[in-house]
Amino acid sequence: MTRIPFFDTHSPITHEAICKLGLEEDAGALNALAEAATLKDEFIQRTAMETIGRHPQGRELRAVILNALRDPSEYLVRTACEVVAQWELNEAHEFVVALLESI
């Protein structure tokens with residue numbers, strides 16, 4: 001995936017900027033959402049995952065959501081589970097079963 005500098009490197013990435021990406025239907029927006037979902041700030045990550053979940057082409061980033069199911073942050077895992085449920089993503093079955101067994 002080619003990195004597209006959607007965010008200004010001199011400005012903080014905001015929740016509003018990420019939400020606006022959900023209105024864009026191009027590869028650059030998807031790349032920027034994927035990038036935002038991997039940042040160190042779990043609140044920004046969560047906003048990115050929620051936006052991916054609502055995006056018309058969000059399923060193209062299902063690997064981002066599946067990876068979040070293994071994140072150490074319960075906050076991000078819950079968000080990923082919400083997207084998986086919304087999408088009825090069968091690929092996540094084994095990950096979800098593993099989560100349930102670890103409770």
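The values are calculated or read from the model by the stated rules, or taken from the named source; none is laboratory data. Bear in mind that the values here come from a model prediction, so they are computed numbers and not experimental data. All Cβ positions, even for glycine, are placed from backbone atoms using ideal geometry, and neighbour counts span all protein chains on display.
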Problem - segment 12-26, subset assigned to a loop (DSSP other than H, G, I, E, B) and among the β-branched types (Val, Ile, Thr), residue surrounded by the fewest Cβ atoms within 10 Å (Cβ to Cβ) - result: THR14
Practice task
Give the residues of segment 74-103 that are within 18 Å of GLU42 (Cβ to Cβ) and at pLDDT below 95, sorted by residue number.
Solution key: GLU74, TYR75, LEU99
Exercise for the section: Return a yes/no flag: does segment 44-54 have any residue that is loosely packed, with under 15 Cβ neighbours inside 10 Å and at pLDDT 95 or above. Expected result: yes
Problem - ASN67 being over 29 Å from ILE103 (Cα atoms) and under 12 Å from the mean Cα position of the chain (by Cα) - result: no
Handout entry: Conditions (1) of a type outside the set (Val, Ile, Thr); (2) assigned to a helix (DSSP H, G or I); (3) closer than 24 Å to ASN31 by Cβ: number failed by ALA98
Key = (3)
